[in-house]
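Working notes, beginning with the structure itself.
Coordinate-derived values only; no laboratory data. What you see is a predicted model; the values in this text were computed from it and never measured. Backbone-built Cβ (ideal geometry, glycine too); neighbour counts: all protein chains shown.
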């Protein structure tokens, strides 16, 4: 019976894993569970109210004392409007509303304690993804110039992780995960009609890479504990699917088109510190500080199938960033547990490096959630978050013929809000 239930849950998660995602700041995905969503992810590296804690801290699986499986999905419904758009500070263009797509973030976690000192786990979840799509009408403005800035950008990733945790003594536990990441993306930058084709980028592909997580949990008592975790940075080589091309203008030879072999994407490391404190039998407070090493995301390098023009590089120049969250948990009765939380998510993109293709800003999360204890073994989590991003001004320039002079500059205003809702099922064996 246990094996059949586990196999069914793994199959269900696998069928959802290819769904495109929407992000926190940058293109990070932080909503790994409905329970975490309900507290704005505050304390996620140490609370261990179910097996989803494995996504944030492998050592925290030692806080679970029996077989447990958790699976579910978070739906993300963002709204990003791009307004007051001008080209070269002269030509006013039409706005584009709701350029970010509704997406779903599925996940699966399984923890198997062996004894009081050793536990193992398995998980399927995502740390990174984005999905930004401008209307054709917007991309075709100014004879197609706006398509060089906007277009369609999708990045997706799926972690498949194996985890082991070990209890060193009554206070200290450690853990580690090895993970295989399957990821990829679609990048479409339809540019002006060049006669023999369109200038710009048309790429779709996927690839695999490997990484690791480590973590520790220190328990002052049953009511007070701390968690610290670190996820390694990873370099992902994305191989092209089918025909992927880069086209550019050469002052002597005109428009030239090259096949793209693959794309290099650098994914950041993530460090998190969390605390959890029970104030009484019903109320607990918890918090997290997360440091994301976005400084590795300097550019995207498209490697071309050409001896004379070997690569096209798109500069990003992102910075390392922080995320802070604070939350509380309240046990209403034996059946119902309530949650609430607030989070500040710092954008890794400086004012001078903002882009239309990945619209990002500092943002606030306002969250609430609940758990229904169905019976001794089963529970259901619900989470709801309202996200509010700062209104930002974007100024982006492009040099189409690589002569060092900006040929086009697009300016505009952007603002993002979003609703996130999660449903999760937990079962202990």
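Going by neighbour counts of Cβ atoms within 10 Å, the residues 314, 335, 179 line up, fewest first, as 335, 314, 179.
Fewest neighbouring Cβ atoms within 10 Å first, the residues 153, 86 line up as 86, 153. Placing a label point 7 Å from the Cα of residue 75 along the Cα-to-Cβ direction, the residues of the range 344-380 with a backbone N closer than 18 Å are 368-370. Relative to the longest principal axis of the Cα atoms of the chain, the long axis of helix 2-16 lies at roughly 20 degrees. Quote the Stokes-Einstein diffusion coefficient, in whole µm² s⁻¹, for the range 289-421, based on the Kirkwood radius over alpha carbon pairs, a temperature of 25 °C and a viscosity of 0.890 mPa s. Once the numbers are plugged in, D ends up at 133 µm²/s.
Placing a label point 7 Å from the Cα of residue 264 along the Cα-to-Cβ line, no residue of the range 145-189 has its backbone N under 11 Å from it. Of the labelled options [x] 1.02; [y] 1.08; [z] 0.98, which one gives Rg/Rh (Cα atoms, Kirkwood Rh) as computed for this structure? Looking at Rg/Rh (Cα atoms, Kirkwood Rh) for this model, the match is [x]. At full extension, residue 391 and residue 285 could sit 35.1 nm farther apart than now, given 0.36 nm per residue minus the alpha carbon distance. Identify the residues of the range 70-105 with backbone N under 17 Å of a label point that sits 7 angstrom from the Cα of residue 137 along the Cα-to-Cβ direction, or state none. The answer is 80-86, 92-100. Taking the chain as a Gaussian network of alpha-carbon nodes connected by springs under 10 Å, the highest mean-square fluctuation of the residues 112, 39, 282 belongs to 282.
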